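What follows is a short report on a single structure.
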Amino acid sequence: MKNLTFAAAIAAALTAALPAAALTDNLGAQRAVADAGHVELDRVTSATGGYVEILDGSSIETGVLLGSEDVRAGLETDVRVQLIHRPYRDNVIAVLYDADGQVTATRELRVQN
């Protein structure tokens, strides 16, 4: 029991010692989403917090905004983005913005019918 408590204390100390800047902004390894009135992202990691947009289209520049959701700094799981309407295409783009509104990560997601 003593060893287990000691190991847990070391793990907590090491995790707390990691600076927020060591986080890499990303949208996880997810490749597909259900065809629904929302998009559920399994994992979103943001160093500063910000927001995620879901775009209908093939690029950030021409994509039509379907929905957005704020995210906190750190790792968030099961981020649900409510959509204005269902996607018209077979793919959507998830775009992660930092607290300053700069794009930090993108992910193309296949819409499963």
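The values are calculated or read from the model by the stated rules, or taken from the named source; none is laboratory data. Source: prediction; values computed, not measured. Because the Cβ atoms are built from the backbone with ideal geometry, glycine has one as well, and the counts that use them run over all protein chains shown.
Numbers below:
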quantity: Hey, residue 45 surrounded by 13 or more Cβ atoms within 10 Å (Cβ to Cβ), assigned to a strand (DSSP E or B) and touching a residue at least 60 places away in the same chain (Cβ under 8 Å) or not; calculated: no
quantity: Count of the range 90-113 residues which are in contact (Cβ under 8 Å) with a residue 24 or more places away in the chain, outside any strand (DSSP E or B) and either buried (at least 18 other Cβ atoms within 10 Å of the Cβ) or touching a strand residue (DSSP E or B) at 6+ places or on another chain (Cβ under 6 Å) (or both); calculated: 1
quantity: Filter result for residue 62 (farther than 21 Å from residue 29 by Cα, of a type in the set (Ser, Thr, Tyr) and surrounded by fewer than 17 Cβ atoms within 10 Å (Cβ to Cβ)); calculated: yes
quantity: Extreme residue, modelled with the lowest pLDDT, among residues of the range 59-84 that are in contact with a strand residue (DSSP E or B) (Cβ under 7 Å, 6 or more places away or on another chain) and part of a loop (DSSP other than H, G, I, E, B); calculated: 60
quantity: Which listed residue is at pLDDT 95 or above and charged (D, E, K, R), from 40, 53; calculated: 53
